[in-house]
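Here the structure is laid out as structure tokens; the discussion comes afterwards.
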Amino acid sequence: MRIDIISAVPELLSSPFNHSILKRAHQRELLNINVIDLREYGIGQHKQIDDYVYGGGSGMVMMMEPLVNCLKQLQQNIKYDEVIYLTPDGTKLNQKLSNSLSLKSNLLLICGHYKGIDQRFRDQYVSLEISIGDYVLSGGELAAAVLVDSIGRLIPGVLNDETSALTDSFQDNLLAPPVYTRPENFEGLKVPKILLSGHEAKIDEWRYEQSLERTQRLRPDLLQEE
Ligand code: 6GU
């Protein structure tokens, strides 16, 4: 999969993809992430990328021209499955959406800043708008990093244990069961006996019950979905 990210603050995206699972995805050539500096497409001597809001009001809006020039240049070489704009008024991200995006080949993510981007760009060029939750971030970059992480780990071959993404919280609309590691007894706090029994079927059953109980207690809304 190839993910291109257009950003006015590319420095914000220099580190998140170079560690752990996403680093491995890159090394295995399963995921290729390119961050494009929108400033390089800025207008005039000052490489301007934003301007005042028509109709008045505070804050700046990202202009059409740099975004369109950048997009068109990228599209000369790549056909994108989706052009995604990260915005708090987009569709709220969930595991189902990440699952479906992990099956695509080429994604373009656009990070907004200031008051956002010119509406005409959204209308003309954006195919999907995504929010990562009901709160406001200063820009789309951290949201893009969240989206890329959630998609990247689902690409087949990225996780070592192929089944492990399937047992994550939210796959099946259930939260994950509790996990434990050594020691068996830490200052009197013991690991549930069933996990030491070696009885695989019983352990699976226990984990499922724990998942269900946790979901009912902490996120009953998940059990109402579909
Ligand atoms: Cl995608 N962008 C911004 N700026 N804020 C957000 C968001 C996105 N998702 C939640 N808050």
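The values are calculated or read from the model by the stated rules, or taken from the named source; none is laboratory data. Note that this is a predicted model, so its numbers are computed, not measured. So basically every Cβ, Gly included, is an ideal-geometry build from the backbone, and we count neighbours across all protein chains shown. Heads up: the accessible areas ignore ligands, DNA and RNA and are worked out on the full protein's heavy atoms, side chains in. Shrake-Rupley method; radii C 1.70, N 1.55, O 1.52, S 1.80 Å.
Structural remarks
- Acute angle (nearest 10 degrees) that the helix 200-218 long axis makes with the longest principal axis of the chain, alpha-carbon atoms: 50
- Tail weight of P(r) past 14 Å, computed on alpha-carbon pairs of the range 169-224, percent: 59
- Spin-label proximity, residue 164 to the range 18-52 - amide N less than 18 Å from point 7 Å beyond Cα toward beta carbon: 18-31
- Once the Cα-Cα distance is subtracted from the 0.36 nm per residue extended length, the residue 181 to residue 208 segment shows a gain of 7.9 nm.
- Sites residue 26 and residue 128, calculated FRET efficiency, Cβ-Cβ separation with R0 25 Å, nearest 0.05: 0.60
- Check: the chain dipole with +1 on Lys, Arg Cβ and -1 on Asp, Glu Cβ, in debye: 320
- Translational diffusion of the range 134-176, estimated by Stokes-Einstein from the Kirkwood radius over alpha carbon pairs at 37 °C in a medium of 0.692 mPa s, is 272 µm² per second.
- Solvent exposure, largest accessible area first (probe 1.4 Å, DNA, RNA and ligands not counted), of 135, 85: 135, 85
- Estimated from helical segments only, the mean residue ellipticity of the chain at 222 nm is -9000 deg cm²/dmol, where each DSSP H run of four or more residues counts as -39500 (n - 2.57).
- Computed on protein heavy atoms with a 1.4 Å probe, the accessible areas place 92, 104 in the order 92, 104, largest first.
- To the nearest ten degrees, helix 141-152 and the longest principal axis of the Cα atoms of the chain are 50 degrees apart.
- Antiparallel DSSP beta bridges within the chain, as percent of all bridges there, nearest 5: 25
- Tensor-based shape of the chain (alpha-carbon gyration tensor, a/c under 1.5 rounded, otherwise prolate or oblate): prolate
- Dipole of the range 62-141 [Lys/Arg +1, Asp/Glu -1 at C-beta], most positive-end residue of 125, 139, 80: 80
- Per-residue accessible area (protein heavy atoms, 1.4 Å probe) orders 187, 82, 209 as 187, 209, 82, starting from the largest.
- Antiparallel DSSP beta bridges within the range 1-83, percent to nearest 5: 40
- For the pair residue 191 and residue 14, the difference between a 0.36 nm per residue extended length and the Cα-Cα distance amounts to 59.7 nm.
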